[in-house]
Each structure stands twice: as structure tokens, then as C-alpha cells.
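Structure first, commentary second.
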Amino acid sequence: MMARILSILNTTAARLSALYLILFAVCASFLVIYMTSLSARMLVGQTRDAINEEVRGLDRSYRRGGLPLLVRVIESRARQPGANLYLLADANGRILSGNVESLQPGVLDVMGWTERPFTYSRFGEGEVRLDPNGSEAKHKAVAVVFRLPNQVIVMVGRDLGEPEKFRSVMQRALVVTLAIMSVGALLIWYFVGRRALKRIDRVSEASRSIMGGDLSHRLPVSSAGDEFDRLSDNLNKMLDRIAALNEGLRQVSDNIAHDLKTPLTRLRNRAEAALAGKPETADYRAALERTIAESDQLIRTFNAILMISRLEAGYSAEATGTIDLRAILADVVELYEPLAEEQGVALEAQINGALEMPGNRELIGQALSNIVDNAIKYSAGSGESPAVKVSLDKVGDEIRLTVRDNGPGVSEADRQRVTERFVRLEESRTQPGSGLGLSLAKAVMTFHGGRLEFADNAPGLAVTMVFPAEPPKRKSEAIFKKRDASA
């Protein structure tokens with residue numbers, strides 16, 4: 001139990017609570033002490049003013065009727081409820097009249113205002129006593145002492161009970177308040193700190209599982225929606241991203257091992273066949289030309305894999321800026337018109353106005369080229385009038401670039417697979433290609449904050465590149481550019 005309490009007190013929440021408690025206690029103590037002293041001084045000042053006014057009244061009585069009238073006035077005022085302190089003493093300090101029975105020694109020796117409060121007792125209260133702590137237990141007062149011409153000593157004072165009571169009440173209130181605050185702070189430390197510590201323990205346990213190799217494990221997220229949940233949610237998203245990248249890396253490794261093995265085998269067999277045949281220049285030349293063509297296809301495949309990996313990681317060495325999608329569409333259509341005409345496919349473009357957006361011209365052009373190339377390739381020979389239609393328009397806050405064909409299309413079950421690397425739905429593999437075109441298009445769309453959509457064109461397939469009007473800015477682009485420049 002003690003170890004649990006110590007671990008709670010070592011949390012940040014407990015330390016902050018302790019600092020705030022100490023700060024509040026210091027400020028509250030200073031405020032209470034300052035207000036108490038100020039109030040006590042004000043009360044003492046009011047008391048002095050009242051005593052001075054009383055002395056002036058006694059002085060007028062003495063001037064009118066001498067000592068007899070002064071004695072009668074003092075006796076009269078001393079009997080009133082809540083009266084001030086009145087004392088008449090001879091030159092030796094023996095009390096002659098008034099409502100004071102005994103005084104602290106030395107009070108009547110100094111004329112004028114007493115330097116500090118003194119103790120006294122009224123009639124019927126007995127002698128001045130000490131309390132168990134050694135301090136005087138009787139009343140305290142301030143007074144002014146003066147001598148008459150006949151050496152009679154007169155003292156007029158006022159009890160300090162009200163200021164002392166006020167001071168005592170304020171001190172008790174401060175002590176009680178600090179005690180309640182301390183107990184409350186300890187309870188907050190225990191319950192809130194224990195709750196925070198349990199959540200940290202769960203996060204630590206989940207982290208150990210992840211570090212142990214269970215990448216499917218995620219940090220716990222409660223329904224509180226506080227900073228712990230926000231942190232866990234961000235870390236979970238990071239883990240999802242890492243898991244997706246690891247899965248992509250694994251798929252790339254598997255796909256490279258399976259799909260690049262065949263062209264490499266062809267290269268080797270072609271070279272071996274050329275060496276085994278008759279040593280004729282024409283045969284060697286033809287073998288080398290086929291080898292170069294196969295090597296170029298392999299280089300393009302590796303470049304596509306590298307570009308997809310960069311885009312999926314969020315980095316691009318390409319510059320971005322404001323681009324005109326209409327110009328990109330027109331260039332791609334113009335580039336593929338000869339191929340479409342050769343394949344007997346009608347290639348048509350429909351552009352609704354000029355649409356500009358921030359992005360990378362080369363990447364978007366490459367993605368659109370891949371989609372158009374696939375549409376032409378699979379539409380050729382699929383019907384009486386094969387056609388590919390490319391359209392560009394803006395719908396709400398989205399820009400939609402759609403390529404429609406009337407080929408065999410793609411079943412709904414396979415539409416999620418066609419964007420995976422090296423996936424080719426044509427099992428015979430008679431069509432040229434590496435199965436990376438749509439993977440690259442999807443990576444380009446993700447990089448621009450968009451998405452790739454597939455729909456049935458009845459017959460054929462409709463592939464739509466959906467761009468947001470304002471793609472998100474990527475700090476990683478500048479980072480990648482700096483790294484490339486330094487390299």
C-alpha cells in the first residue's frame with residue numbers, strides 16, 4: 001500500500017497538485033495575515049480616536065468643576081454597560097476610583113499612550129493570572145495616562161477584546177481552511193493519481209506487448225476523451241501506419257520474389273541460348289536487343305516500386321505547385337491517341353471548364369496515363385465499337401477525373417485487389433504489364449489527399465480519381481527535398 005501511494009505521489013498530476021496547493025496556501029496565508037493586521041490596526045486606530053475624544057470630555061469637566069466634578073463624571077461613566085476603562089490614582093499609583101481593579105505593573109509610570117497593550121482586571125475578576133502556556137489570561141487594553149496639576153493620575157483606556165477576537169477568528173479560519181485543503185489534496189492525489197497511474201500501467205503493458213512482437217496490439221482508449229486518450233489515439237494511428245508499411249514491405253518482397261523471377265529467368269535463358277547457338281553476329285545482336293528490352297521493363301518495374309514506396313511513406317522529391325488538370329488530361333489523351341487508333345479504340349475527352357488545384361503535374365499525369373493505358377489495353381477487341389472516354393468536372397468540393405471504358409470490366413469482389421502491387425486479373429499474363437499501374441495511381445491519390453474509386457460502367461469499368469479542392473500540405477516534401485539536395 002505504501003509503495004502504491006509513493007508511486008501515485010511520483011506522478012505529474014500529484015506534483016502539480018502539490019505545487020498548486022503550496023502556492024495557494026502561501027498566498028492565502030499572506031492574505032489572511034495582511035487582512036488581519038490591517039483590520040486590527042484599523043480597530044486600534046478607532047479605539048485611540050475614541051479615547052482621545054473621551055479625554056477631551058473629561059478635560060472639559062475638570063475645567064468646569066475641578067476634581068470633584070471629574071470624580072463624579074468618571075464614576076458615572078464607569079458604571080455604564082460596555083464602558084471604557086477609567087482609573088483615578090494618587091501620586092503613588094494607588095487606585096482611588098474607576099472600574100479597574102488591578103493593572104499590569106508599570107502602566108502608570110509612563111505618561112501618554114502606552115507603548116504596547118497591557119493586561120488588567122475589572123472589579124470582581126480577581127488578580128491577573130497566567131494561562132497554562134505562560135501568557136497572561138486576562139483582558140488586554142490600550143490607554144492614555146496623564147497627571148493633573150495636583151499630581152493625581154488619570155487613565156482612560158479601551159479593551160482590545162474585539163480586535164483580538166477578530167484576529168483569533170481569522171487565525172482559526174486559516175488553520176481550518178489549510179487543513180481542509182490538505183485533506184482534499186491528499187484525496188485528489190490518491191484517487192485521481194491512482195486512476196492516472198492505472199491508465200499509464202495499461203499503456204505500458206500494451207507497449208511491452210507491441211515491443212514483444214505483437215504488432216496487432218493497440219494502446220487502450222477510454223471514453224474520457226482527455227489527453228491520455230488523445231495520445232493513445234495518435235499512437236494507435238501511428239502503429240496502424242507502421243503496420244500498413246510493414247505489410248506493404250512484406251508484400252513487395254513476396255511479389256518481387258514471384259513476379260520478377262520469370263523475367264530474370266528469361267534473361268538468363270536467352271543469354272544461355274545465344275551462347276549455345278552458332279556464333280553469328282545477327283543472332284547475338286537479336287539476343288542482346290531482347291535482353292535490353294527485358295532489362296528496360298525490369299528497370300521500369302523497379303522505378304515504379306520505388307515511387308510507390310516513396311508516395312506511401314509520404315515523401316516525394318517532385319516539386320508541387322498549382323496545376324491545370326485540363327492541360328494534363330489533354331496531354332495524356334494526345335499521347336495515347338495513336339495507340340488507341342492502332343488498337344481500334346475510340347478515345348474521347350470531355351472537359352468542363354478549367355480546373356486548377358495544388359499538386360504535382362508529373363505524378364498526376366503518370367497516374368492518369370496508367371489508367372488510360374489499362375482502359376485502352378483491355379477495351380481493344382472486347383466488342384464491336386471499343387471506346388474509352390475521359391471526363392473532368394467538379395462536384396461540390398471535389399474534382400473528379402473519370403476514365404470509362406466498355407471492356408470486360410472488373411468484378412466488385414476484385415476491385416479492392418486491383419490496386420495491390422503485382423496483382424493482375426488476367427491469369428494468362430498475355431497482356432504486357434507488371435501489375436503496378438493502379439498501385440501507383442492509388443499511391444499518387446493518397447499522396448494528394450484524394451482517393452481512387454471503381455464503378456461499373458455497364459459494360460466496362462469506370463475509374464475515378466477524386467481530388468479534394470484543397471489537398472493537405474505535406475511537410476515531408478520539404479524534408480525529402482533537403483535530404484536529396486544534401487545527398
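The values are calculated or read from the model by the stated rules, or taken from the named source; none is laboratory data. As the structure is a computational prediction, the values presented were derived from the model and not from experiment. Heads up, the Cβs are rebuilt from the backbone with ideal geometry, glycines too, and the neighbour counts pull from every protein chain shown. Please note that ligands, DNA and RNA were not included when accessible areas were found on the heavy atoms of the full protein model with its side chains. Shrake-Rupley method; radii C 1.70, N 1.55, O 1.52, S 1.80 Å.
Figures for the structure shown
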| quantity | calculated |
| --- | --- |
| Segment 360-405, accessible area per residue, ligands and nucleic acids excluded (1.4 Å, Å²) | 41 Å² |
| Heavy-atom accessible surface of segment 56-121: percent carbon and sulfur, 1.4 Å | 49 percent |
| Sparsely packed trypsin sites (Lys or Arg not before Pro) within segment 43-111, loop by DSSP, other Cβ within 10 Å at most 14 | 79, 94 |
| Those GluC sites (Glu not before Pro) in segment 20-118 that DSSP places in a loop and that have at most 11 other beta carbons within 10 Å | 115 |
| Under 11 Å, Cβ to Cβ, from residue 220 - net charge with Lys/Arg +1 and Asp/Glu -1 | 0 |
| Förster radius 30 Å - calculated FRET efficiency between residue 200 and residue 172 (Cβ-Cβ, nearest 0.05) | 0.15 |
| Per residue value of the accessible surface for segment 31-72 (all protein chains in place, 1.4 Å probe), Å² | 63 Å² |
| Contour minus Cα-Cα distance for residue 215 and residue 334 (0.36 nm per residue) | 38.1 nm |
